[in-house]
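The values are calculated or read from the model by the stated rules, or taken from the named source; none is laboratory data. In this text the structure is predicted, and so the values were computed from the model without any measurement. Because the Cβ atoms are built from the backbone with ideal geometry, glycine has one as well, and the counts that use them run over all protein chains shown.
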Amino acid sequence: MSTQHTKDRTVQTLRSLTSILGYAYGSSEICHFLYSIIKMHRPTTVVELGAGLGVSTFWMALALQENGSGHLWAVDNFVQYEEYRQKLFPRVQSALKEVGIALDLDHSPEAYFEKAEELLNLQAYWTLVHQTIDSRQPNHFETYPFAEENIDLLFSDFASNPDAILQLFVQILPRMAECSSVFIDSAPTIRESYFLLNSLVESFNAGNVPKILADLLTSEEIETILNRRYTLVHLTYNPEGHQSGTSWLKIEPHDIVPYPRVPFRS
C-alpha cells in the first residue's frame, strides 16, 4: 500500500471519527484549527490537558506526523469515560459500524486509545498520560514526563473557570517556550474567564504581573513572563453548540519582527 493511500485512509477515518465523536466535547471545530497551527508553526513539544475521546489529540498527532517531528503528550484521568460509555457509546458504536470503523468503545480508555492510534497509524507521535490534572498543587507539572521540556503549544480542555485559569498560568507560563501558544477551550463562553484573560494580557504587556499571580511565582519566573509579549484572540464558532469558543494566547519575544521567525522580503 502506498504512503499516499495510507495517509488518505488515515484522514478519511479521522474525519469520520470527528463527525461521530467530536460533538461530545465540542471539539469538532477547534481540532482543525489546532492541526493547522501545528502544521504552520512546527512545534516540538505539544501538551493537551484533557484528552476526552481523542478527537483533538489525533488531529494534532496527525499534524506532527506530517511535519515529521515533534511529540504530543495527552493528559487525562478519564473520570468521564464511564459516563460516556453508558450514555453515548451504544449510539456511537452503531454509527462507527455504519462507516466501517472497527473501534470497540466498550473497553478501558487505554484500550480505546491504543486501538484508535493503530487505526490511524499515529503511534510514534503522541503519548497518553493517565493522570489527574491538579494545577492547585505546587510544582504539579514537575510530575509529568515532559517536565524538562519547554512547551511550544498547550491545549487546555479540562477546566476554564477563572480560578482554574489563574492556577494554570502560575504553573505553565514560566514553562512555555519563548515563541509558543496556549489555547484554553471554552474560555470565551464564560464571562468571567473572558474578562480575566483580557485583563491579564493587558497587565503583562504593560510590564505588570498581578499580585494574585506574583505571590505564587519566583522573581525569575516573573522576569520570564514579563520578558515576552502577548496577543490574545478569542476564537468563537458554532453559536448553537456547547463549548463554542477557545481563547488563544500567542507568546513571542519582545522584538520588531514576527514569530515564528521568517525571512522578510523586499
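List of remarks:
- The residue of the stretch 203-217 that is nearest to L168 (Cα to Cα), among those that are in contact (Cβ under 8 Å) with a residue 40 or more places away in the chain and not in a loop (DSSP other than H, G, I, E, B), is L213.
- Single unsatisfied condition, V55 versus (1) surrounded by 21 or more Cβ atoms within 10 Å (Cβ to Cβ); (2) touching a residue at least 40 places away in the same chain (Cβ under 8 Å); (3) closer than 23 Å to L103 by Cα: (2)
- Odd one out for F78, checked against (1) out of contact with any helix residue (DSSP H, G or I) (no Cβ under 6 Å at 6 or more places or on another chain); (2) crowded, with 18+ Cβ neighbours inside 10 Å; (3) not in a helix (DSSP H, G or I): (1)
- Matching residues in the stretch 180-202 - criterion: being over 16 Å from the mean Cα position of the chain (by Cα), closer than 22 Å to V257 by Cα and not aliphatic (A, V, I, L, M): E202
- Yes/no for I184 being without any contact (Cβ under 8 Å) to a residue 40 or more places away in the chain and touching a strand residue (DSSP E or B) at 6+ places or on another chain (Cβ under 9 Å): no
- Qualifying residue in the stretch 150-160 (condition: touching a strand residue (DSSP E or B) at 6+ places or on another chain (Cβ under 6 Å), assigned to a helix (DSSP H, G or I), under 28 Å from W59 (Cβ atoms) and among the hydroxyl-bearing types (S, T, Y)): no
- A residue that is crowded, with 18+ Cβ neighbours inside 10 Å and within 21 Å of the chain's Cα centre (by Cα) occurs nowhere in the stretch 203-222.
- Screening A164 against (1) surrounded by fewer than 21 Cβ atoms within 10 Å (Cβ to Cβ); (2) among the small types (G, A, S); (3) within 24 Å of I37 (Cα to Cα) leaves a single unmet condition, (3).
- Matching option when the condition is modelled with pLDDT of 85 or more, surrounded by fewer than 22 Cβ atoms within 10 Å (Cβ to Cβ) and either under 26 Å from S156 (Cβ atoms) or basic (K, R) (or both), among M60, M40: M40
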